[in-house]
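The values are calculated or read from the model by the stated rules, or taken from the named source; none is laboratory data. All figures in this text were calculated on a predicted structure; none of them were measured in a lab. Virtual Cβ from ideal backbone geometry, glycine too; neighbours counted across all protein chains shown. Quick note on the areas: whole protein, heavy atoms, side chains included, nothing else; ligands and nucleic acids left out. Shrake-Rupley method; radii C 1.70, N 1.55, O 1.52, S 1.80 Å.
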Amino acid sequence: MSISDLIVLVRSSTLDNRVALAEELAAVATDTKAAMRGLQKFFAQVQGTVDVIQAVNENLLHLLQHRISPISALSAYCYTVGNSLRLNECAASDLRITQAFEQMLFQFQLALSSLVRQVVQVQGSLDCIESRLEVIRDLAAMESNALAVEHTEVLAALLTSLGLNRQRIEMLESKRRSLQDITRYHAEATQYVTSTLSGLMELEEALEVLWSIARGAGLIDGVPMEVIIRTLMEGVERLHQSGSGATHTLSPSLTA
């Protein structure tokens, strides 16, 4: 059952808290739609960042493999003229490679900083949904307790044994079915939200590790640039895998 159908069912039910329950369900649907848009935007940016950084790092590795010998005539030419003119034949000079590496680190840190802010925002949205689901759970529990008491009273009544209390029993059964639908939706929604939050936490950890590597890469002395670049590429790949594992955790049925 979709949440829109459940909202209609709850509003037309005989539940004592039907108005509050319907409002909370509608709020969950609205908040989940916003969270799904935020997730889609976030994962698209993660993928875009991964693609760009991988391409830049592969290009840097290519330049390093074809680095101009520092004792060659071309190196001297690049040092005196070519680098200042940004000539293509000097792209593999030590100066140009170092500049490209530092520019990559700067842009990468900016991208990671933006991703960290976005993941915190999405987590905040999911926390709000989780809070609303807890309200729904509590309201349903109140209804269930009241229904149990009312059902006991009805069964104990003399009219029930005479078969004259059928309408009231049917009303209680209707309430019970409505509560079952709410409970089923709550369980499914909670599972999806919990799974999504777990995936985002894993992704946030990968971002923080990568951020630490990128921030400290320019401060490491004596470590070859190739090693730093390959370390970053491994971190980017972990980020990509974490993002892939968390992209399809929210179900469309929670908003439809």
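Just to be sure before I move on: is Gln191 part of a helix (DSSP H, G or I), at pLDDT 70 or above, out of contact with any Gly (no Cβ under 9 Å at 6 or more places or on another chain) and farther than 28 Å from Val120 by Cβ in the structure I sent?
Working: part of a helix (DSSP H, G or I): yes; at pLDDT 70 or above: yes; out of contact with any Gly (no Cβ under 9 Å at 6 or more places or on another chain): yes; farther than 28 Å from Val120 by Cβ: no.
Judged against the criteria, Gln191 is not a match.
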Output yes when any residue across region 222-229 is assigned to a helix (DSSP H, G or I), at pLDDT below 80 and farther than 17 Å from Leu60 by Cα, and no when none is. no
Looking only at region 48-73, count every residue that is in contact with a helix residue (DSSP H, G or I) (Cβ under 7 Å, 6 or more places away or on another chain) and either modelled with pLDDT of 85 or more or part of a helix (DSSP H, G or I) (or both) and tell me the total. 13
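Taking the condition more than 20 Å from Trp211 (Cβ to Cβ), assigned to a loop (DSSP other than H, G, I, E, B) and among the β-branched types (Val, Ile, Thr), does Ile97 pass? If you could, list the steps in order and put the result at the bottom.
Values: more than 20 Å from Trp211 (Cβ to Cβ): yes; assigned to a loop (DSSP other than H, G, I, E, B): no; among the β-branched types (Val, Ile, Thr): yes.
Considered against the rule, which asks whether it is more than 20 Å from Trp211 (Cβ to Cβ), assigned to a loop (DSSP other than H, G, I, E, B) and among the β-branched types (Val, Ile, Thr), Ile97 comes out as no.
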Quick one: is Gln103 open to solvent by 20 Å² or more (accessible area, probe 1.4 Å), touching an Asp or Glu at 6+ places or on another chain (Cβ under 9 Å) and assigned to a helix (DSSP H, G or I)? no
Scanning for something farther than 23 Å from Arg37 by Cβ, of a type in the set (Lys, Arg) and in contact with a helix residue (DSSP H, G or I) (Cβ under 9 Å, 6 or more places away or on another chain), does region 130-144 turn up at least one residue? yes
Search result, residues across region 15-71 that are surrounded by fewer than 15 Cβ atoms within 10 Å (Cβ to Cβ), hydroxyl-bearing (Ser, Thr, Tyr) and closer than 30 Å to Glu234 by Cβ: Ser69
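Which one of these is farther than 13 Å from Leu63 by Cβ and touching a residue at least 24 places away in the same chain (Cβ under 8 Å): Ala111, Ala91?
On the way: Ala91 fails: farther than 13 Å from Leu63 by Cβ.
Going through Ala111, Ala91 in turn, just one is farther than 13 Å from Leu63 by Cβ and touching a residue at least 24 places away in the same chain (Cβ under 8 Å): Ala111.
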